[in-house]
1. For Phe188, put the label point 7 Å out on the Cα→Cβ axis and report which residues of the stretch 139-163 keep their amide N under 19 Å from it.
2. How high is the relative contact order of the stretch 1-51, given as a whole-number percent (alpha carbon pairs under 8 Å, six or more residues apart)?
3. Starting from the Cα of Ala2, step 7 Å along the direction of its Cβ; do the same at Arg214; then give the gap between the two resulting points in nm.
4. How long is the stretch 21-151 along each principal axis, judged by its Cα atoms, biggest number first, in Å?
5. Quickly work out the Asp31-to-Ala221 label distance, labels modelled 7 Å from Cα along the C-beta direction, and quote it in nm with one decimal.
6. Based on the Cα gyration tensor of the stretch 99-227, what are the three equivalent ellipsoid semi-axes, each the root of five times an eigenvalue, rounded to whole Å and given largest first?
7. Applying the Karplus parametrisation 6.51 cos²θ - 1.76 cosθ + 1.60 with θ = phi - 60° to the phi angles of the stretch 61-70, what ³J(HN,Hα) value in whole Hz is obtained for each residue in order, glycine and proline being reported as x?
8. Could you give the spread of the C-alpha atoms of the stretch 1-77 along their three principal axes, from largest to smallest, in whole angstroms?
Amino acid sequence: MAHLNIGSLIFDDLDQVDLTGPHEVLSRLPDSTWKIYAKSMAPARDMKGLRILPDATLEEAPPLDVLHLPGGFGVDAAMADPVILEWVRRQAMGAKAVFTVCTGALLLGATGLLRGKRATTHWASHHMLPIFGATAVNERVVEDGKFVTAAGVTSGFDGALHLAAKLCGPEVAQGIQLYMQYDPRPPFDAGTPETAPAALVASTRAAMAAVLERREKAVRAVAASFT
């Protein structure tokens with residue numbers, strides 16, 4: 001198998017678990033190199049202030065075999081950034097696999113490359129995928145050709161293991177899972193809108209309403225540029 005160049009995009013206000021969860025998996029793939037890329041070498045701050053340093057700028061990135069796009073509140077600004085969009089589009093078109101976590105799927109959608117594809121994203125933004133011409137699928141991980149999309153935040157672990165099996169075989173993926181002791185047994189069955197208490201879902205939606213309204217405006221503005 002040829003050496004794999006794996007690259008993750010970072011930007012301000014990303015969700016760090018969307019980045020570091022998949023890193024825990026993908027950085028362990030045999031004969032591979034994993035690096036972080038950003039518009040500049042300045043540290044990016046995640047939604048809670050954690051600083052993350054890039055390895056190189058977008059211009060310095062080689063053609064990637066695997067492109068990884070995290071999500072987070074910063075996706076809204078990233079979707080409107082022509083430099084980021086052009087880089088994502090170019091790298092995605094040449095990559096063997098493109099992997100998004102959470103609202104990273106919307107960033108990919110903003111390039112036009114999810115049109116006609118099945119995809120998933122965080123439950124609160126799931127309804128926005130069709131605006132980009134994608135078919136929204138309510139699953140934790142969705143694969144359509146070379147595109148692998150994972151739902152919200154912790155789904156990145158599942159998606160990365162799925163991708164590891166796709167690229168290197170199930171034995172490699174299982175070995176990584178065992179090393180991580182990834183055997184989730186959450187204390188509450190509240191991880192999806194379908195299983196969480198209705199009052200909790202309602203209050204969470206209400207708390208996110210302003211963010212989602214801004215995001216949908218950003219998504220529609222980008223989608224309008226396609227026509």
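1. 152-155
2. 53 percent
3. My value for the distance between the label points is 4.1 nm.
4. Principal extents (Cα only, largest first): 35, 32, 26 Å.
5. 4.6 nm
6. 27, 22, 10
7. Along the stretch 61-70, the couplings run 6, x, x, 8, 7, 10, 9, 10, 10, x Hz.
8. Over the stretch 1-77, Cα extents along the principal axes are 38, 25, 19 Å.
The values are calculated or read from the model by the stated rules, or taken from the named source; none is laboratory data. No experiment lies behind these values; they were computed from the predicted model shown. We place every Cβ from the backbone using ideal geometry, glycine too, and count neighbours over all the protein chains shown. To get the accessible areas, we keep the full protein, side chains included, count just its heavy atoms, and leave off ligands, DNA and RNA. Shrake-Rupley method; radii C 1.70, N 1.55, O 1.52, S 1.80 Å.
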